1. Thr161 to Thr96: FRET efficiency via 1/(1 + (r/R0)^6), r the Cβ-Cβ distance, R0 25 Å, to the nearest 0.05?
2. Which ³J(HN,Hα) values in Hz, rounded to whole numbers, follow from the phi angles of the stretch 110-118 under the Karplus curve 6.51 cos²θ - 1.76 cosθ + 1.60, where θ = phi - 60° and Gly and Pro get x?
3. Bin width 10 Å, origin at 0, all Cα-Cα pairs of the stretch 128-179: what percent of pairs per bin?
4. Any idea what Rg and Dmax come out to for the stretch 24-201 if you just take the C-alpha atoms, in Å?
5. Here is the link list: Lys85/Lys127; Lys70/Lys152; Lys105/Lys154; Lys105/Lys152; Lys127/Lys154; Lys70/Lys154. Which ones come out longer than 22 Å on Cα distance?
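Values quoted throughout were computed directly from the atomic coordinates according to the rules given, and no laboratory measurement underlies them. In this text, all values refer to a predicted model and were calculated from it rather than measured experimentally. Note that each Cβ is placed from the backbone with ideal geometry, even for glycine, and that neighbours are counted across all protein chains shown.
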Amino acid sequence: MHQQQNHPDGKRPKVTPPLPTGPYATVVIDPPWPMTKIRRKARPNQQGFDYATLSVADIAALPVSRLLDKDGFAFLWTTQKYLPKALEIIEGWDLTHRFTMVWHKPGGIQIYNYPQFNAEFIVVGTKGNPKFLDTKKFNTAFHAPRAGHSVKPKEFYELLTRICPPPRVDLFSRRAIPGFDTWGDQAPGTGAPPTIAPVAQQRLLP
Ligand SMILES: C[S@@+](CC[C@H](N)C(=O)[O-])C[C@H]1O[C@@H](n2cnc3c(N)ncnc32)[C@H](O)[C@@H]1O
């Protein structure tokens, strides 16, 4: 478990820090889904900002249910490609799929004979019978700007801080997030170099 599949920058530790013990009422998981590197002129900056990835089997083996309290929420980030797997994984974690959220983001990649991919998804599962703290202005779809390569929007975390009970943890984190514990091989305190590409360098499609 947690063996990285690749180490693109060659600098980061090969052993990831131990998972927190919890229990948490709210767990966000933004896993490094397997990626095919795009090696073409349109994304010249992508390579330098890669991170290690995990297999779908390793993601499915994360002990999310154990991290959750008797009643808890899990929010699993996924791309269009891994949406079917993410739904399976939520059920495999012994959670109940409640709904799926959509982040509508500006721009996105478009390949031949496909639409522009300008959304990411958050599959929401529950353990037990957790209750939201507030459901006002809580929509399944939201628009928020991009902040950098694969960075999830602060608006999402601000929403969860209002609607979901603490304690909360952000797994595969890369920055300090108010109201959340963080864990990941690039999480604050690991000493890992930042891999977040400034948004201006991403050369997004309009
Ligand atoms: C999709 S990114 C997370 C992005 C982050 N949520 C953000 O908003 O910036 C996935 C992260 O998982 C980390 N990671 C890869 N393999 C890991 C492992 N085996 N254990 C812990 N973290 C890992 C990567 O280095 C990367 O920081």
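1. Values: r = 23 Å, r/R0 = 0.92.
After rounding, the FRET efficiency stands at 0.60.
2. 9, 10, 3, 6, 10, x, 6, 8, 10
3. 20, 50, 28, 2
4. So, for the stretch 24-201, Rg and Dmax equal 16.1, 49 Å respectively.
5. Details: Lys85/Lys127 19 Å; Lys70/Lys152 27 Å; Lys105/Lys154 13 Å; Lys105/Lys152 10 Å; Lys127/Lys154 25 Å; Lys70/Lys154 27 Å.
Violating the 22 Å limit, Cα to Cα: Lys70/Lys152; Lys127/Lys154; Lys70/Lys154.
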